[in-house]
Amino acid sequence: MEHIAAFMLLIACSEDLQACKEYPAPAIGYETVEQCQAELTPAIGTIPADQAKTFGKCVEIDPALLYEDAEIVWDVTEQRGIEVTLELVNPNMALQSVASVDRPGTYNNVN
């Protein structure tokens, strides 16, 4: 049985970062962060060229998270790129035990 250790988040924004939207990643999840990162730059390249700023990040997660209800919350800033948190719908589980976004992400500005 496969387990998911990371997921990819692709975001395109206006020049002023006031209007951003998610784009679909090439896979729902990845067994390793390294697999995700290997596909990150090509995936960012699939975002339409008319988008002013594009960003991508691989986020490491605990495979146990797949059995919990969680919401991916993201924000984009000029200084930090994509900031991601996972908010559990079940507040009885500690967030620190299921998500880690401490790894440096890859932020690409295509335009």
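A short reminder: the numbers here are calculations on the coordinates, not readings from a lab. Fair warning: this is a prediction, and the values are worked out from it, not measured in the lab. Here Cβ is always computed from backbone atoms with ideal geometry, including for glycine, and neighbour counts include all displayed protein chains.
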Legend entry - Packing-based exposure ordering (other Cβ within 10 Å, fewest first) of F7, F55: F7, F55
Inset, instruction - With a Förster radius of 35 Å, plug the Cβ-Cβ distance of A38 and D16 into 1/(1 + (r/R0)^6) and report the FRET value to the nearest 0.05. - result: 0.65
Legend entry - Rg ratio (alpha-carbon, reference 2.2 N^0.38 Å) - region 23-90: 1.21
Inset, instruction - Report, to two decimal places, the Cα Rg of region 10-49 normalised by 2.2 N^0.38 Å (N = number of residues). - result: 1.30
